[in-house]
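Let me begin by presenting the structure, written as structure tokens, before commenting on it.
The values are calculated or read from the model by the stated rules, or taken from the named source; none is laboratory data. From a predicted model like this one, the values you see are computed outputs, not experimental measurements. Every residue, glycine among them, receives a Cβ derived from its backbone with ideal geometry; neighbour counts consider all protein chains shown. Calculation scope for accessible area: heavy atoms of the full protein, side chains included, ligands and nucleic acids excluded. Shrake-Rupley method; radii C 1.70, N 1.55, O 1.52, S 1.80 Å.
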Amino acid sequence: SAARAMCVGIEHASAARATHAGRATNANATAMMMMMIRGYAKPSLRGITPPAQHSSGARSGMRIASQSPNVIAEPYAGPSPRPSALECVTSLKGLRFAYDAALSRVKDTYALSKCTRDVRGFTLEGFKSEATQLYRMINSGAANGGSGKTLGHEVRHATTDATQSDLKRERKARELGGWVKIDWSLERVDEVQVVRGRLMMMNANDSNGPGFVQLTTRFRSAQRFAAYDASGRLVAGDPNELIDVEDFWVFEHGLKIPNSRWRLAGRLHMPARATLALRDAAAK
């Protein structure tokens, strides 16, 4: 994965530093890793504020709504900046970087294992295929279907309440800007990559109870886009131009919650440095 590729050099440097420091450093690092893994065995909502309308349920152990938490757990912001070789051996940055990367991988692995166990028929390739279908359908429906406050049934069925509100606001802004018609098409999908997996449990002390899993998925694709006003005049885009697009979407599925399905929970706006770092890591 991208995170694993980013960590190879730093892990070698950290190992060399630990050998130089002696057995005490190795023992401390091992203890930290064990605490890290054990701590994630009980997923927590610490640092995440549930929607206000559902916060009163925390007293009874129900911290998030059974429909959707409507928040993103630890939003992905791309790979962490890699310390220099000098920082790896002269400061704690190298150890911290390796620790954070390992913790993230533990969380990813645990989230995927919960999918395998609690999402019927789950496979990673099967998820990528379904996510690609949702990516195409939601984009097309948001661009071409309905108007104003209305979203098509398929789009509503495949999105959380928070995402629906975002799509409606975007559509209203386009209409106010004079965009009467939009032609959008997905010409091809070049890459689908799950870059993060996170859990949100209804009861932080019950990792086997109901909750939600969120998989952040990176799409690299080629698209066409053109917007027209009421007179049919082109006001944005170019129907003849093929655009390279990179999106990061968060898909969510309930765990041990009846009638759950994969839905779009959010779309992340990634800084340019993050996408460049991902491409560099994938190329190595």
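Quick one: R120 ticks every box in (1) of a type in the set (D, E, K, R); (2) surrounded by fewer than 14 Cβ atoms within 10 Å (Cβ to Cβ); (3) under 21 Å from N70 (Cβ atoms) except a single one, so which number is it?
(3)
Residues are listed down the side, and each one gets a yes or a no for (1) surrounded by fewer than 19 Cβ atoms within 10 Å (Cβ to Cβ); (2) among the hydrophobic types (A, V, I, L, M, F, W, C); (3) over 20 Å from L215 (Cβ atoms); (4) touching a Leu at 6+ places or on another chain (Cβ under 7 Å):
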site	(1), (2), (3), (4)
V106	yes, yes, no, no
E130	yes, no, no, no
R136	yes, no, no, yes
N144	yes, no, yes, no
A158	no, yes, no, yes
D161	yes, no, no, no
D166	yes, no, no, no
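Out of the residues in region 128-147 that are of a type in the set (S, T, Y) and under 19 Å from A236 (Cβ atoms), state the one that is modelled with the lowest pLDDT.
S147
What pairs come up if the first residue lies in region 167-189 and is under 24 Å from S221 (Cβ atoms), the second is at pLDDT 95 or above and open to solvent by 90 Å² or more (accessible area, probe 1.4 Å), and their beta carbons are under 7 Å apart, counting only those six or more places apart or on different chains?
From region 167-189, the pairs are L186/R136.
Being part of a loop (DSSP other than H, G, I, E, B), among the aliphatic types (A, V, I, L, M) and at pLDDT below 80 is the filter here, so list the residues in region 52-111 that pass it.
Answer for region 52-111, where residues must be part of a loop (DSSP other than H, G, I, E, B), among the aliphatic types (A, V, I, L, M) and at pLDDT below 80: M62, I64, A65.
Answer with yes or no whether R196 is in contact with an Asp or Glu (Cβ under 7 Å, 6 or more places away or on another chain) and either surrounded by fewer than 17 Cβ atoms within 10 Å (Cβ to Cβ) or under 20 Å from A142 (Cβ atoms) (or both).
no
Looking at D229, D206, D238, which is the one that is over 15 Å from E187 (Cα atoms), more than 25 Å from the chain's Cα centre (by Cα), open to solvent by 10 Å² or more (accessible area, probe 1.4 Å) and not aliphatic (A, V, I, L, M)?
D229
Can you find a residue that is farther than 23 Å from F225 by Cα and hydroxyl-bearing (S, T, Y) anywhere in region 133-151?
no
Quick check on F219: is it of a type in the set (F, W, Y) and under 20 Å from T109 (Cβ atoms)?
Criteria not met by F219.
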